[in-house]
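First comes the structure, then the notes that go with it.
The values are calculated or read from the model by the stated rules, or taken from the named source; none is laboratory data. What you see is a predicted model; the values in this text were computed from it and never measured. Positions of Cβ are backbone-derived with ideal geometry, glycine not excepted, and every protein chain shown enters the neighbour counts. These accessible areas exclude ligands, DNA and RNA; they are computed on the full protein's heavy atoms, side chains included. Shrake-Rupley method; radii C 1.70, N 1.55, O 1.52, S 1.80 Å.
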Amino acid sequence: MTALSSETSELAQGEPLVVLDHVDKWFGDLHVLQDINLTIKRGEVVVVIGPSGSGKSTLCRAINRLESINKGSITLDGKKLPEEGKALAQLRAEVGMVFQSFNLFAHKTILENVMLGPTKVRKHKKADAEKKARELLDRVGVGQQAAKYPAQLSGGQQQRVAIARSLAMEPKVMLFDEPTSALDPEMIKEVLDVMVDLAHQGMTMIVVTHEMGFARTAADRVIFMADGAIVEENTPEEFFTNPKSERAKDFLGKIL
Ligand code: ADP
Ligand code: MG
């Protein structure tokens, strides 16, 4: 495949890449993140699971500072996330994020969508950005669609483009917030397959999903959140077959 596998394997796998240290966040009176301590190592794939409203999206958004935090710190590759400004923009570019809604630019072609970040933010040459974008689109299986507009693609194809667009920025870590929950069932697998490939190539990933198949195939660790706190963490095998907390048992009883 493309450069990603060699790039990531050159770096030391297993070093702390994303570190949340005593992170608290409130929305008014709502204590939405409660003393979160979490270390994600380079190359690790962590699945975050938990009931609606437990703070999973807020956690993701805090990691790339789409949301500020009230206490504690978040470091990315040894650098503390700055509050604002150019340093924040630079650091944020190291974190790829894929949402439930694909958020592609409707009036740009698929190719242009993927080239935009590298040319505008990374200041890569257009020809280089195009070559890389075409490689990434091939890699996620939508190379044939490069000249089309987002609305001409299926939801599954659009989400794969969104993944390619994030990868084009060469992020150190990829965050996925329920990437398949807006998709028709027959399109879920094609997106999960791309994510599994990425995981197997050594990408560091934080994935909010209830897709157990993905967790079992790709995750090193499952984090279970409830009411803003990390209640339980374990290997996928242990977590799904032998959950320890009542909250996790109750939740799994509802989704399985
Ligand atoms: P999850 O992704 O696990 O469903 P969220 O992180 O989206 O949970 O939300 C956690 C809690 O924070 C919910 O109760 C939600 O209503 C609340 N919340 C999320 N965003 C905001 C916001 N911008 N302002 C106020 N409350 C919010
Ligand atoms: Mg959410």
Selection from 213, 66, 201 lying farthest towards where the dipole of the chain points positive, charges on Cβ: 66
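Would you kindly state the longest site-free stretch of the chain, with sites defined as GluC sites (Glu not before Pro) in a DSSP loop (not H, G, I, E, B) surrounded by at most 13 other Cβ atoms within 10 Å? Each step should come with its number before you reach the end.
Numbers: sites that count: 83, 84.
No qualifying site falls inside 85-256, the longest such stretch.
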Residue-count net charge about residue 15 - beta-carbon cut-off 9 Å; Lys, Arg +1, Asp, Glu -1: +1
Approximate spin-label separation residue 256-residue 216, in nm, with each point projected 7 Å along Cα-to-Cβ: 1.0
Sequence-distant residues sharing a close amide H with residue 204 (under 5 Å, placed H): 43, 174
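Just the number please: accessible area per residue for the chain, 1.4 Å probe, all protein chains included, in Å².
Details: 11940 Å² over 256 residues.
Counting only protein heavy atoms, the per-residue value for the chain is 47 Å².
For the chain, return all DSSP H helices satisfying: extent of Cα atoms along own axis at least 20 Å; mean Kyte-Doolittle hydropathy at least 0.0.
185-200
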Share, in percent, of DSSP beta bridges within the chain that are antiparallel, nearest 5: 55
Separation of the residue 125 and residue 233 label points, Cα + 7 Å toward Cβ, nm: 4.3
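If you stretched the chain out fully between residue 138 and residue 86, how much longer would it get, using 0.36 nm times the residue separation minus the C-alpha to C-alpha distance?
Numbers: separation 52, 0.36 × 52 = 18.72 nm, distance 3.25 nm.
So the extension gain works out to 15.5 nm.
For residue 77 and residue 244, what is the calculated FRET efficiency with R₀ set at 25 Å and r taken between the beta-carbons, to the nearest 0.05? All intermediate terms of the calculation are to be shown ahead of the outcome.
Numbers: r = 32 Å, r/R0 = 1.27.
The value I calculate is 0.20.
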Residues whose placed amide H lies under 5 Å from that of residue 221, excluding near-sequence neighbours: 45, 47
Phi-based couplings in Hz for region 68-78 (Karplus 6.51, -1.76, 1.60; Gly and Pro marked x): 7, 10, 9, 9, x, 9, 10, 10, 10, 6, x
FRET efficiency, 1/(1 + (r/R0)^6) with R0 30 Å, evaluated for residue 68 and residue 103 via beta carbons: 0.90
Relative packing of 49-56, 148-155, which averages over residues the other C-beta atoms within 10 Å, highest first: 49-56, 148-155
Proximal aspartates and glutamates relative to residue 148, as straight alpha-carbon distance under 17 Å, when same-chain residues fewer than 8 apart are discounted: 112, 130, 135, 138
GNM flexibility winner over the chain from 127, 199, 162 (Cα, springs under 10 Å): 127
GNM result for the chain, Cα springs below 10 Å: residue of 97, 187, 203 fluctuating most strongly: 187
Separation between Cα centres of region 81-97 and region 131-187, rounded to whole Å: 22
